[in-house]
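Shown next, in structure tokens, is the structure this report addresses.
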Amino acid sequence: FLAGFGSLMQDVLWCFSQVKGAIDAGVTESDIISTVEFNHTGELLATGDKGGRVVIFQREQESKNQPHRRGEYNVYSTFQSHEPEFDYLKSLEIEEKINKIRWLPQQNAAYFLLSTNDKTVKLWKVSERDKRPEGYNLKDEDGRLRDPSMITVLRVPVLRPMDLMVEATPRRVFANAHTYHINSISVNSDYETYMSADDLRINLWNFEITNQSFNIVDIKPANMEELTEVITAAEFHPHHCNTFVYSSSKGTIRLCDMRTAALCDRHAKFFEEPEDPSNRSFFSEIISSISDVKFSHSGRYIMTRDYLTVKVWDLNMENRPIETYQVHDYLRSKLCSLYENDCIFDKFECVWNGSDSVIMTGSYNNFFRMFDRNTKRDVTLEASRENSKPRAILKPRKVCVGGKRRKDEISVDSLDFSKKILHTAWHPSENIIAVAATNNLYIFQDKVN
């Protein structure tokens, strides 16, 4: 429907739905998906959930006999990344929930990814094994040690084919560096370092060093009663290893340059849109908090998501965004009830498509929005098992604010705020998107011509 999506607003094809855990009626808290991330080639897709599990999906090779399938995603590996822990010094329980997953570029046959919960970041290696060694001299076939005195013949071990086995092994554990909850991790473009951000600090890590990190941002005041804002998200520039941005709960974005000082107390650029005094309300500060920040693939723009809008900023213009998209402005009149049920604190993510021409973010009622930056067209779609069947075309949805409601519209009072699309991902080069709806993962692709 949008640039690259077949140019027709309805030509979005539902190609696959993977349901994790139980059916909706019996969903447990641990089954809820908490992060979604494609790897750099788009051949793998990783999800993390509140139970500390990581599920990796692999794209099947396109079949000549069934070209219309265009390579569906199937389960490749599942492993337990984090376990629940308890901090005895602070009497705090540390959840196993996976907050973020970030892939490293593939250097060999194995895959590497970072996963984090509130306190600990882990580096995982995911590799395949389809051969096993046989013919040991000191062991029998069951693995038991043999009596050396009984060994009279020297055997040369050989590799025998076996069923493909995918193994996930932890290679590094980066712990004990965060007092507060980790909300972001970002791999640097030098692929030697990465950063982890919590509410008040950002740390820089080397992949080879697990017992030491460098604190590059610290906004903790000497007196915690003077605390006015917290860090909400952080990301490295895609091309310049010295540059990164972080957003705050006050709706501001700071661009920092690590060449200026070891501790980036002073930002290089400060992005903030002045608030219209006529729109000032009790909820202004809450809804202005930025929940996600993403560099464009080109590195020229920054995209931010607050509660009601998505904004695109040019790195060369700090005083206001160059584009502002209303995600669900019809909720502005519902802020009081959203505050009472805590939905106003939901943290929605946002993503670019591969060419930076379309942006996507989630909403309530399992709706997600797409905005074409070139044509300024937008569309609302729904990720739902009830109205989605394999190879069915998704129909745009519309929300009726007031007056007479049309047949294909849904009233704003009928929206289900327990169903929300917080986490989405876009294939790095193709028009394939992944949408997490509670414990369901939907994968959509554009219409086959």
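The values are calculated or read from the model by the stated rules, or taken from the named source; none is laboratory data. As the structure is a computational prediction, the values presented were derived from the model and not from experiment. We place every Cβ from the backbone using ideal geometry, glycine too, and count neighbours over all the protein chains shown. Heavy atoms of the whole protein, side chains included, go into the accessibility calculation; ligands, DNA and RNA do not. Shrake-Rupley method; radii C 1.70, N 1.55, O 1.52, S 1.80 Å.
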Per 10 angstrom bin, beginning at 0 and ending with the bin that holds the maximum distance, the Cα pairs of the range 127-285 fall in percents of 9, 26, 21, 13, 11, 10, 7, 3, 1, 0
For the pair GLU60 and GLU141, the simple spin-label estimate (label points 7 Å beyond Cα toward Cβ) gives in nm 3.4
Rounded to whole Å², per residue accessible area for the range 310-449 with a 1.4 Å probe reads 46
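What is the chain's relative contact order, in percent, from Cα pairs under 8 angstrom and six or more apart in sequence?
Value for the chain: 15 percent.
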Expressed per residue, the solvent accessible area of the range 177-258 in Å² (1.4 Å probe) is about 41
Projected onto their principal axes, the Cα atoms of the range 321-385 stretch, largest extent first, over whole-Å spans of 39, 34, 18
About its Cα centre, the range 103-152 carries a charge dipole, from +1 on Lys and Arg Cβ atoms and -1 on Asp and Glu Cβ atoms, whose size in debye to the nearest 20 is 240
Per DSSP, the loop-located GluC sites (Glu not before Pro) within the range 359-446 having at most 11 other beta carbons within 10 Å are GLU386
Note on the range 309-449: contact order normalised by length, alpha-carbon pairs under 8 Å, 6 or more apart, percent, works out to 19
For LYS100, counting only lysines whose alpha-carbon sits under 20 Å away and dropping same-chain residues fewer than eight positions off, the answer is LYS20, LYS50, LYS119, LYS122, LYS125, LYS294, LYS347, LYS420
The lysines whose Cα lies under 19 Å from the Cα of LYS447, excluding any fewer than 8 residues away in the same chain, are LYS64, LYS389, LYS395
Rounded to the nearest 10 Å², the accessible area of VAL173 using a 1.4 Å probe with every protein chain kept is 70
Rounded to whole angstrom, the alpha-carbon centroid of the range 376-448 lies from that of the range 167-213 at a distance of 34
Here, THR228 and ASP314, labelled 7 Å along Cα→Cβ, have an inter-label distance in nm of 2.9
The ratio Rg/Rh over the Cα atoms of the range 35-146, Rh being the Kirkwood inverse mean 1/r radius, stands at 1.13
Taking r as the C-beta separation of GLU29 and THR179 and R0 as 25 Å, the FRET efficiency to the nearest 0.05 is 0.50
For the chain, the accessible surface attributable to carbon and sulfur atoms (probe 1.4 angstrom, ligands and nucleic acids excluded) amounts in percent to 49
To the nearest 20 debye, the range 31-159 has a Cα-centred charge dipole, built from +1 on Lys and Arg Cβ and -1 on Asp and Glu Cβ, of 420
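Order CYS400, CYS336 by their accessible area, 1.4 angstrom probe, all chains in place, largest first.
Putting CYS400, CYS336 in descending order of accessible area: CYS336, CYS400.
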Given a Förster distance of 25 Å, the FRET efficiency implied by the Cβ-Cβ spacing of ARG259 and GLU192, rounded to the nearest 0.05, works out to 0.95
Taking 270-277, 160-167, 294-301, 356-363 and ranking on average Cβ neighbours within 10 Å, highest first, one gets 356-363, 294-301, 270-277, 160-167
Simple SL model, points at 7 angstrom along Cα→Cβ for ASP342 and ILE151; separation in nm is 6.1
Computed for the chain: size of charge dipole around the Cα centre, +1 on C-beta of each Lys and Arg, -1 on C-beta of each Asp and Glu, debye to nearest 20, value 1240
Sorted list, accessible surface of protein heavy atoms, 1.4 Å probe, largest first, for ASP378, ASP413 is ASP413, ASP378
Most packed first (mean Cβ within 10 Å per residue), the peptides 344-352, 369-377, 78-86 order as 344-352, 369-377, 78-86
Here the averaged projected area of the chain, based on the convex hull of its alpha-carbon atoms and given in nm², is 28.1
The answer for the per residue Cα convex hull volume of the range 131-179, in Å³, is 152
